[in-house]
């Protein structure tokens, strides 16, 4: 009797190192790859035209790769808890295999699918694949979840890693063509400025990141020294590949192993990604509230005009505006730019961090609920291992330090192209004659700052201080 299994692809759009696919191949004579276009994700709280486009283009490549190996991809559309059990029952499969999802929505969805499959006597079997170590695999000595990155990182480093699996040469599937993949619309960013989708392009990026040059050094080796420089292309640009599972994090960490600060810091950033997944796994409430209960009463401002200026890159602070314009144009931001932009919204503008979190998720191709929430909570001083509440990034000093000649600002804020380096991060400090000479009158050609740094900092410190004080009182959180 022929045994049939389904492999349900989600955030794992690759063939290399795919434990769920290998498990299905080991258990069944026929393997049916399936992808479900989930309307709740496409139009829900974290909807993103950029991610929908990147996912669809990556899915097209995956479908070709599967068909070349003998297993056409089936496409379903609708609620996974309804359409997947129906297909599984129709095909008479014994099990559905999938890569484990750690996000709160994914866990709820998978429970509903498992219940639907169980009604037909079919099992949902989930496997690792999105992380080096699963979010619930590590714990403190007394069995509790980690709340401090340093301790988590030590446990993460010490835990044994599984070995990466090869891509299968052949997948015995059902005869016939695969299903057409519907058009999911255009991205809001410029596709020419976005990374090429698909597993092959992701593997090329990984190879380029780790490939030694004539002198024997690879780009990763300079990561520790240059990663915060906004004017240099010094990051791996693998974040969307990890988010969509075009690359295996186990393979990335294995291949990035070796001596030197660059590789050490790069692996540490991989651990940060998994730390935030670990925290959200154990505390799904964080998508709705702060990790630090003492700051639950932080009084934020309601200022739609300020939010619009921030989101549109019109705050009058060049490095903040450059970051937000890069985000809108490309669907990507390097980490330093994310921190600068997030700090400005949370502290200079004293707006609810959830507004910024949603804006980032709307645009980021690598938008991941755990990493995005963790980063925003850290910057807003409400999360695990938070930035001290009294630390308020000075955007002028941040710009001078990480974009010293203004190349990053000039690329994304062309109004400032003629401003000399000495004032490209504070053009309002020039007198009117100097502004006219470089073709940028502040208030006409480029906005005046919407807040004063010193005043905004004092306002933020007062608000955070009041929230902390209230949180210390009996019954205060």
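Quick check on segment 426-433. Is at least one of its residues surrounded by 14 or more Cβ atoms within 10 Å (Cβ to Cβ) and either within 30 Å of the chain's Cα centre (by Cα) or closer than 19 Å to residue 343 by Cα (or both)? Within segment 426-433 (the criterion being surrounded by 14 or more Cβ atoms within 10 Å (Cβ to Cβ) and either within 30 Å of the chain's Cα centre (by Cα) or closer than 19 Å to residue 343 by Cα (or both)), the answer is yes, since at least one residue qualifies.
Within the group 117, 174, 124, which residue is assigned to a helix (DSSP H, G or I), touching a strand residue (DSSP E or B) at 6+ places or on another chain (Cβ under 9 Å) and within 19 Å of residue 23 (Cα to Cα)? Before the answer, list the steps.
On the way: 174 fails: assigned to a helix (DSSP H, G or I); 124 fails: assigned to a helix (DSSP H, G or I).
Of the residues listed, the single one that is assigned to a helix (DSSP H, G or I), touching a strand residue (DSSP E or B) at 6+ places or on another chain (Cβ under 9 Å) and within 19 Å of residue 23 (Cα to Cα) is 117.
In segment 68-88, the condition of being in a loop (DSSP other than H, G, I, E, B), outside the structural domain of residue 331 (by TED's automatic domain parsing), in contact (Cβ under 8 Å) with a residue 60 or more places away in the chain and under 24 Å from the mean Cα position of the chain (by Cα) is met by no residue.
Against the numbered list (1) in contact with a strand residue (DSSP E or B) (Cβ under 7 Å, 6 or more places away or on another chain); (2) surrounded by 20 or more Cβ atoms within 10 Å (Cβ to Cβ); (3) more than 12 Å from residue 71 (Cβ to Cβ), residue 14 comes up short only at (1). Does segment 231-243 include one or more residues that are more than 20 Å from the chain's Cα centre (by Cα), more than 30 Å from residue 68 (Cα to Cα), modelled with pLDDT of 95 or more and not in a loop (DSSP other than H, G, I, E, B)? No.
Select the helices (runs of 4 or more DSSP H) contained entirely in segment 349-438, then report the ones holding at least 2 residues which are closer than 28 Å to residue 47 by Cβ. Give the steps one after another, and end with the answer.
Values: elements: 353-363, 369-379, 395-402, 407-412, 432-437.
Because the criterion is at least 2 residues that are closer than 28 Å to residue 47 by Cβ, the helices (runs of 4 or more DSSP H) in segment 349-438 that meet it are 353-363, 369-379.
Under 27 Å from residue 192 (Cα atoms), assigned by TED's automatic domain parsing to the domain that holds residue 376, part of a helix (DSSP H, G or I) and within 16 Å of the chain's Cα centre (by Cα): is that true of residue 326 in this structure? In short, yes.
Among the residues of segment 107-156, the ones that are free of Cβ contacts under 8 Å to residues at least 12 places away in the same chain, closer than 30 Å to residue 80 by Cα and not assigned by TED's automatic domain parsing to the domain that holds residue 93 come to 0 in all. Among residues of segment 270-301 being over 14 Å from residue 380 (Cβ atoms) and without any contact (Cβ under 8 Å) to a residue 40 or more places away in the chain, the one that is surrounded by the most Cβ atoms within 10 Å (Cβ to Cβ) is 285.
Only one entry of 320, 392, 365 meets the criterion of being touching a helix residue (DSSP H, G or I) at 6+ places or on another chain (Cβ under 7 Å) and over 28 Å from residue 429 (Cβ atoms), and that entry is 365.
Kindly indicate whether residue 344 is modelled with pLDDT of 95 or more and under 21 Å from the mean Cα position of the chain (by Cα). Step through it out loud before you land on a result.
Values: modelled with pLDDT of 95 or more: yes; under 21 Å from the mean Cα position of the chain (by Cα): yes.
So residue 344 fits the description; yes.
Among residues of segment 31-58 that are in the same structural domain as residue 113 (by TED's automatic domain parsing) and closer than 12 Å to residue 367 by Cβ, those with a beta-carbon under 8 Å from a residue that is at pLDDT below 95 and assigned to a helix (DSSP H, G or I) at least six positions away or on a different chain give the pairs 47/41; 52/42.
The values are calculated or read from the model by the stated rules, or taken from the named source; none is laboratory data. Remember, predicted model here, so these are calculated numbers, not experimental data. FYI the Cβ positions are ideal-geometry reconstructions off the backbone, even for glycines, and counts take in every protein chain you see.
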